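The values are calculated or read from the model by the stated rules, or taken from the named source; none is laboratory data. All of these numbers come straight from a predicted model, not from anything done at the bench. Cβ placement follows ideal geometry from the backbone for every residue including glycine, while neighbour counts extend to all protein chains displayed. Quick note on the areas: whole protein, heavy atoms, side chains included, nothing else; ligands and nucleic acids left out. Shrake-Rupley method; radii C 1.70, N 1.55, O 1.52, S 1.80 Å.
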Amino acid sequence: EKGLRVQDKGFLNTAVIRSEITYIDGDAGVLRYRGYPIEQLALKSSHLETAYLLIYGSLPTKEQHKFFEGEVMRHSVMHADAEGFFRSFRYDAHPMSMLTSAFSMLGSYYSEANPSLQGQRLYTQGDAASLATMDRQIYRLIGKATTLAAMAYRVRQGRNFVTPPTGLSYTGSFLYQMDHIGEENYTPNPVLEKALDVLFLIHADHELNASCTTVLQTGSSLVDPYSAIAAGCASLYGPLHGGANEAVIRMLISIGSPQNVPAFIEAVKRREKTLSGFGHRVYKTSDPRSFIVRKTADEVFKVTGKDELLETAMALHDAAMKDEYFIKRKLAPNVDFWSGLIYRAMGFPLDFFPVLFAVPRVVGWLAHWRQMMLQEGGVKIWRPRQVYVGAGKRDYVPVEERQ
Ligand code: SDX
């Protein structure tokens, strides 16, 4: 095998790219987007301003921010015939399977975006025309992510679709499309609008997590960005990744009350159960985002009232944090442990939670995709090797001679 050896299971210790986008120090619990600490951005920035930073590398000037936000919001409208696409799903289809398919469907509207049709160097040559084409797809994907998610939600709720309103913020428009049931001058609750914006911001990127790696693996074949984003969305759907925020709530409901926490902890230690929302491949201390989510939850509960699962979540958190089994394995809360409590309090259906992870993560996926397309020396297809440990050469045996 030419000296090949299996480096590690699950890329445990493998770096496949150099990146300037997001920095994580898993031991110190540090997360920075383009050098800016996540705590500062969560407090002072907005999701779309941070999206600009992640994608283009610097905080936007007032004009750049206005133009970028204007383009994203302008592109948030969906073609009316996409309604037929969503209506083709069963009403109770999981919204993540609808969203994953929708990203791929979206690409079929824009032949200008397809390197197979426009030439494979469409995104890699870096000239003004190809950068402008790349930017238009970025605006469309970020702008339409909320609209596609809202369309999936309306199918689940058996409601008609709603055209994205003008004049609202990114999360305001999203909440309008989710909640709008016909009242005229709908204005989203500012506390919930801001809380969702903070949650979107801290979910925007996280370097080479499983879904981002999937986007880059797929994008390395120079497929269009819609197909690469659809692949990333499929990866995020899994309960070990973005599906964990839904799994945490299902876990808390099954525990039922703080009194049942000790028995649950013992079941986890016997490996009969998983403590969803705990543990992380990189963070070996608390995920810095979990503190921001926890604080945001208190803001939201002031408006919505406390979620009855909060007591159980706090009891579970405190019990795990002082238990040797978790301390020894460096297991601490990750971004998913508290976020589901906020989404529940805001009235989102449980299976919609991973969608609320995917919508903002489109930004990080695009930032890494753009970085790969424009990297020095062009794009090399990602094609790892294996170590073959199967059968040696053997001859075919006719079925009559097999026992
Ligand atoms: C996200 O990568 C990213 O950056 C992802 C993310 C992002 O922003 O993109 O941060 C978002 O996906 C957060 C993670 C959400 N997933 C969960 O909360 C699911 C529960 N967590 C585990 O499945 C697990 O911790 C992972 C998948 C998150 C990490 O798995 P690893 O790095 O492969 O760790 P591991 O499975 O090798 O665990 C090491 C040990 C093992 O014990 P031993 O076999 O060595 O005795 O810790 C144990 C595991 O059994 N362990 C857990 C546990 N997580 C790990 N035991 C109980 N409960 C858990 N949650």
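Observations, loosely collected:
- Unit Cα scatterers, Debye sum, the range 70-220: log10 I(q)/I(0) for q = 0.16 Å⁻¹: -1.03
- For the chain, accessible area per residue (1.4 Å probe, heavy atoms of protein chains only), Å²: 48
- Percent RCO, i.e. relative contact order, over the chain, from Cα pairs under 8 Å lying at least 6 residues apart: 24
- Neighbour-limited loop hits for GluC sites (Glu not before Pro), the range 241-324 (at most 15 other Cβ within 10 Å; DSSP other than H, G, I, E, B): E272, E308
- The range 343-403: GluC sites (Glu not before Pro) in DSSP coil with no more than 15 other Cβ atoms inside 10 Å: E376
- Coarse-grained scattering of the chain at q = 0.06, 0.09 Å⁻¹, given as base-10 log I(q)/I(0) from a Debye sum over alpha-carbon atoms: -0.26, -0.57
- Restriction of the GluC sites (Glu not before Pro) in the range 109-208 to DSSP coil positions whose beta-carbon has at most 14 other beta-carbons within 10 angstrom yields E183, E184.
- What you get for the range 49-112, charging only the Cβ of Lys and Arg (+1) and of Asp and Glu (-1), is a dipole of about 80 debye around the Cα centre.
- Across the range 247-360, the volume of the C-alpha convex hull divided among the residues equals 106 Å³ per residue.
- Surface share of carbon and sulfur [accessible, 1.4 angstrom probe, percent] for the range 202-265: 63
- Given K295/K328; K306/K328; K194/K273; K144/K194; K62/K194, the pairs whose alpha carbons are separated by over 25 Å: K295/K328; K306/K328; K194/K273
- Think of the chain as having a plus end and a minus end, set by charges on the Cβ of Lys, Arg, Asp and Glu; of M178, P258, Y52, P258 sits farthest toward the positive end of this dipole.
- Separation in nanometres of the label points that stand 7 Å from Cα toward Cβ, at F161 and D395: 6.2
- Averaging the sequence gap over all C-alpha pairs within less than 8 Å and six or more residues apart, then dividing by the number of residues, gives the range 149-297 a relative contact order of 13 percent.
- Overall, the range 1-112 carries a charge dipole of about 180 debye about its Cα centre when +1 sits on the Cβ of Lys and Arg and -1 on the Cβ of Asp and Glu, all other atoms neutral.
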